[in-house]
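**Student:** Before anything else, here's the structure in question.
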Amino acid sequence: QFFVFCHGLLQLSQLLVSGYLKSSISTIERRYGLSSQTSGLLASFNEVGNTLLIVFISYFGSRVHRPRFIGCGAILVSLAGFLMSLPHFITGPYEYDQSIASMFSNTTDLCQPGVPGSPGNLSDAGCTPHAARENHEVLLVMFIAQALLGIGGVPIQPFGISYIDDFASERNSPLYLGILFSVTVIGPGVAFMLGSAMLSFYVDIDKVAGDDVQLTSKDPRWVGAWWLGFLVAASLVAVSAVPYFFFPREMPKEVGERDFPVVLLRNLRHPVFLLVVLAQVNLSAMVAGLATFMGKFLERQFSLTASLANMIIGAVNIPGAMVGIVVGGAILKRFQMSLRQCSAMCVLGMFLCLLLAFPLLFLGCPTQKVAGVTYSESSEFEHYALECNLQCNCPEKAYNPICGSNNIEYISPCSAGCRVVNINADNNSVLNYTKCSCISENGLAGFAKPGTCGTGCSHLFLPFVVLSCLAGILASISHTPSFMLILRSIQPEDKSFAVGIQFMLLRVLAWMPGPVLYGSAIDTTCILWEKKCDRKAACRYYDNNLFRQR
């Protein structure tokens, strides 16, 4: 029981490292200008290191000192966590477009007639070879860290599961595994809560004094302290690794030597094993993509801050899935179900989940009106060529969204033709912009507030959260029974190995491609890309309806 406790703790902190990346993915995209396809690849890259080794390590499972192996893996995971936060310390402070001349620059993105291309802040200044190289270094460090995270994670789950299943009584084993799986699900939940807390701090909290930060967390340019969570999570893993070096090897009697290819084929030819694993692959591919981009989806559909989106996922969706897993395990233990009943339970759970998830296709918001991007008053217009701001010489790169009094969003004060910025003297923040030639009200120049207009359908947010949570509960009821189908339908001495094959197939067919496919699908719905050095960087605006449907 102490081993189950330690293993729960270790899995929790290991998932804190990998889950935390998913909670801060939209922030990292914004900070380093990544497309969702790149960030999806980054999020799934830990599976690469994992896949290469998992089958061999599980095969040797019953011949090595399993707890010690788990301990070494945990130390690698901890190292990976510290590496993930490194980019923050090797790059300069985060820069964004501003209306107020500040310590970063003495330029502004207001409308300044008669000065061609004046806003120097927004030229290709950030395009030096050094800046481009810095960005490559960041990606390289993060991909290496993710690969290490995968390699370190290899022994943790298969060895832990087989060690417990070897020593627990037949009757208690489902309960212990149920506890572990529920922890496996709490892990990401805690990670999203950690993300929620950390992203409410400003990214350069260690480099810039608080008074110099002119952004609030509601601002679309806001970047939270994504790196802080990695330091917390990595430290926790290091602590939970310690007890493993003191557990005994203590194995039951050795099973006769067996042959690697024979065992592999024997399991792959087993119809129940294969079908259940394929079913899990389909479900996991969906979950992997959702886990990576659900936060981003909520941010865009319902205009939430990254911090709040993580809070919802961590406090509602993930505990819901956990409840489902525990309930599934409890039903199994209570009714001592046969394999046939197990599979019936899986089918029922999935079917009900589908019914509840169907309305989610329709619960969401259309894209907000953005002048020159999604919306134009005259039908035949050129991108950015709003006549009202022609004399402003707006830089193309400017991104400092404001919401006009006509409830239309503009990419920057300049594109709305605003000439005056009013500043709150107390905290140096922008109150509003006035004399905006593109925002006309009753023939007079209108005003605008800083920040995005939002999508304005917050009333759909609650039904969306409730339905997605219920659908998640129903889907996860099938988790433990599907596992039992695998553990009980194969030869006992193949157990460790079969779980290894199962995890490898899940990784190759679901967890690796899942986030990348999701990310690519999301990228296809982008309507305005940020440009960095003439390459596409992060997406500024999505077509919300397409984003939701795809």
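**Student:** Over the range 506-550, what number does the Rg to Rh ratio reach, with both radii from the alpha-carbon atoms and Rh per Kirkwood? Walk me through the intermediate numbers first.
**Tutor:** Values: Rg = 12.8 Å, Rh = 11.7 Å.
Using Cα coordinates only, the ratio equals 1.09.
**Student:** Oh, and also: Label the range 442-532 by shape, choosing from rounded, prolate and oblate, from the square roots a ≥ b ≥ c of the eigenvalues of the Cα gyration tensor; if a/c is under 1.5 it is rounded, and otherwise prolate applies when a/b is larger than b/c, oblate when it is not.
**Tutor:** Values: a/c = 6.00, a/b = 2.31, b/c = 2.59.
Note, shape of the range 442-532 comes out oblate.
**Student:** Could you count how many Lys pairs in the chain have their Cα atoms under 23 Å apart, skipping same-chain pairs fewer than 8 positions apart?
**Tutor:** Total qualifying Lys-Lys pairs in the chain comes to 27.
**Student:** Can you tell me the equivalent ellipsoid semi-axes for the range 396-550? Use √(5λ) from the Cα gyration tensor, largest first, whole Å.
**Tutor:** Whole-Å semi-axes of the equivalent ellipsoid: 51, 19, 14.
**Student:** Sticking with this one: Between 0 and 90 degrees, rounded to the nearest ten: what's the tilt of helix 129-153 against the longest Cα principal axis of the chain?
**Tutor:** Rounded to the nearest ten degrees, it is 20.
**Student:** Using only the C-alpha atoms of the range 294-373, find the volume of their convex hull and express it per residue in Å³. Let's see the in-between values first.
**Tutor:** On the way: hull volume 8.1 nm³, N = 80.
Cα-based convex hull of the range 294-373, divided per residue, equals 101 Å³.
**Student:** So what's Rg/Rh here for the range 385-450, counting alpha carbon atoms and using the Kirkwood radius for Rh? List each step's numbers first, then the result.
**Tutor:** Working: Rg = 11.4 Å, Rh = 11.8 Å.
Result for the range 385-450 is an Rg/Rh of 0.97.
**Student:** So, by mean Cβ neighbours within 10 angstrom, what's the order for 346-352, 274-280 with the highest one leading?
**Tutor:** Values: 346-352: 16.0, 274-280: 18.1.
In decreasing order of mean packing, 346-352, 274-280 become 274-280, 346-352.
**Student:** By how many nm would the segment from residue 274 to residue 391 grow when fully extended, if each residue of separation counts as 0.36 nm and the alpha-carbon distance is taken off? Display every interim value, and only then the final one.
**Tutor:** On the way: separation 117, 0.36 × 117 = 42.12 nm, distance 6.65 nm.
Here the answer is 35.5 nm.
**Student:** Taking only Cα atoms, what is the 0 to 90° angle, nearest 10, from helix 173-198's long axis to the longest principal axis of the chain?
**Tutor:** With rounding to tens, the tilt is 20 degrees.
**Student:** Which order do 520, 26 take when ranked by solvent-accessible area (1.4 Å probe, heavy atoms of all protein chains), largest first?
**Tutor:** Result of the area sort, largest leading: 520, 26.
**Student:** Another question, if that's okay. Going by Cα centres, the range 397-438 and the range 439-498 are how many Å apart?
**Tutor:** 34
**Student:** Let me ask something else. Can you give the extra length, in nm with one decimal, that the chain gains between residue 429 and residue 212 once fully stretched, where that is 0.36 nm per residue apart less the Cα-Cα distance?
**Tutor:** Numbers: separation 217, 0.36 × 217 = 78.12 nm, distance 0.98 nm.
This chain segment gains 77.1 nm when fully extended.
**Student:** Cα-based Rg (one decimal) and Dmax (whole number) for the range 160-310, in Å?
**Tutor:** In Å, with Rg to one decimal and Dmax whole: 22.4, 69.
**Student:** How large is the Kirkwood hydrodynamic radius of the range 159-240, in angstrom, based on all distinct alpha carbon pairs?
**Tutor:** Final number for the Kirkwood radius of the range 159-240 is 15.8 Å.
**Student:** Tell me the Kirkwood radius of the chain: reciprocal of the mean inverse pair distance over distinct alpha-carbon atoms, in Å. Show your work: numbers first, answer last.
**Tutor:** Details: mean 1/r = 0.0396 Å⁻¹.
Result for the chain, one decimal place: 25.2 Å.
**Student:** How much accessible area does residue 262 have with a 1.4 Å probe, in Å² rounded to the nearest 10?
**Tutor:** 80
**Student:** So what J values fall out for the range 354-366 if you push phi through Karplus, 6.51 cos²θ - 1.76 cosθ + 1.60 with θ = phi - 60°, rounded to Hz, Gly and Pro as x?
**Tutor:** Calculated HN-Hα couplings, in order: 4, 4, 6, 7, 4, x, 4, 4, 9, 8, x, 10, x Hz.
**Student:** How large is the accessible surface of residue 111 in square angstrom, using a 1.4 angstrom probe and rounding to the nearest 10?
**Tutor:** The accessible area comes out at roughly 10 Å².
**Student:** While we're on this one: If we count every other residue with Cβ under 12 angstrom of residue 140's Cβ, Lys/Arg +1 and Asp/Glu -1, where does the sum land?
**Tutor:** On the way: positive: 133; negative: 134, 137.
Overall, the nearby charge balance is -1.
The values are calculated or read from the model by the stated rules, or taken from the named source; none is laboratory data. Keep in mind it's a predicted model, so treat the numbers as computed, not measured. Note: ideal-geometry Cβ built from the backbone for every residue, glycine included; neighbour counts use all protein chains shown. Only protein heavy atoms, including side chains, enter the accessible area calculation; ligands, DNA and RNA are left aside. Shrake-Rupley method; radii C 1.70, N 1.55, O 1.52, S 1.80 Å.
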